[in-house]
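Enquirer: Sharing a structure, written as C-alpha cells. Questions coming.
The values are calculated or read from the model by the stated rules, or taken from the named source; none is laboratory data. As the structure is a computational prediction, the values presented were derived from the model and not from experiment. Here the Cβ positions follow ideal geometry from the backbone for every residue, glycine too, while neighbour counts run over all protein chains shown. Only protein heavy atoms, including side chains, enter the accessible area calculation; ligands, DNA and RNA are left aside. Shrake-Rupley method; radii C 1.70, N 1.55, O 1.52, S 1.80 Å.
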Amino acid sequence: MMKKLGRTLLTAAVLFVSCSAGAQVASKPPPPNPVLYMTGTESYTTNGKKFVRYRFDVSNKDEYPADMFAAAPQLPPCGANTKASRTWVDLYDQRGKRLNGFCAFNKPADLSTIWFALEEEVSPPSYVYIELTDRQTNEKYKSNLAETTL
C-alpha cells in the first residue's frame with residue numbers, strides 16, 4: 001500500500017512539474033523595446049506662426065500585441081478622453097524633456113504617426129526617444145535615441 005501511495009505521489013509530482021514547465025513555455029515573451037527612426041519633416045503654419053513637424057516611426061511596431069493599444073475605459077482618462085488607450089506614448093529629447101504625448105493610439109500601426117513640432121526658427125534637439133507605458137501592467141518600454149535629421 002505504501003509503495004502504491006509513493007508511486008502515486010511521484011506520478012502526481014512529475015505531472016505537476018511537467019504542466020508547470022509547459023505553462024512557462026506557452027507564455028509569450030514581453031514586447032521588445034521600440035526601435036525609433038525619423039521619417040521626415042513637414043512645414044506648416046497655424047495662427048500666423050510657422051512650425052516644423054518632425055515625424056517618426058517604430059520599425060518593430062508589428063511585434064506589439066494589439067491589446068496593448070485597445071481602449072481602456074477602466075483606467076484613468078487622458079483629459080476628456082475616457083476611452084484612452086491602455087498604452088500611452090511619450091516623446092522626449094535626449095535630456096528627458098517631454099516634447100509630445102499620445103494617449104489614443106488604437107493599434108500598433110499607429111506608432112508610425114509619432115511627431116513633435118517646434119517653431120521654424122527653433123533648432124530641434126539632436127536626438128529623441130519614446131517611452132511606451134502600458135498602464136495595465138505598469139511596464140515601460142524605452143526606445144533608442146533617434147536622430148532628428150535625415
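Enquirer: Somewhere in segment 8-30, is a residue in a loop (DSSP other than H, G, I, E, B), among the hydroxyl-bearing types (Ser, Thr, Tyr), at pLDDT 95 or above and open to solvent by 50 Å² or more (accessible area, probe 1.4 Å)?
Expert: Scanning segment 8-30 turns up no residue that is in a loop (DSSP other than H, G, I, E, B), among the hydroxyl-bearing types (Ser, Thr, Tyr), at pLDDT 95 or above and open to solvent by 50 Å² or more (accessible area, probe 1.4 Å).
Enquirer: Applying the selection to segment 87-124, what residues are open to solvent by 30 Å² or more (accessible area, probe 1.4 Å), of a type in the set (D, E, K, R) and under 17 Å from the mean Cα position of the chain (by Cα)?
Expert: Hits for segment 87-124 are Arg98, Lys107.
Enquirer: What strands (runs of 3 or more DSSP E), lying completely within segment 72-150, carry at least 3 residues that are hydrophobic (A, V, I, L, M, F, W, C) and touching a strand residue (DSSP E or B) at 6+ places or on another chain (Cβ under 8 Å)?
Expert: Correct list: 87-93, 114-119, 127-134.
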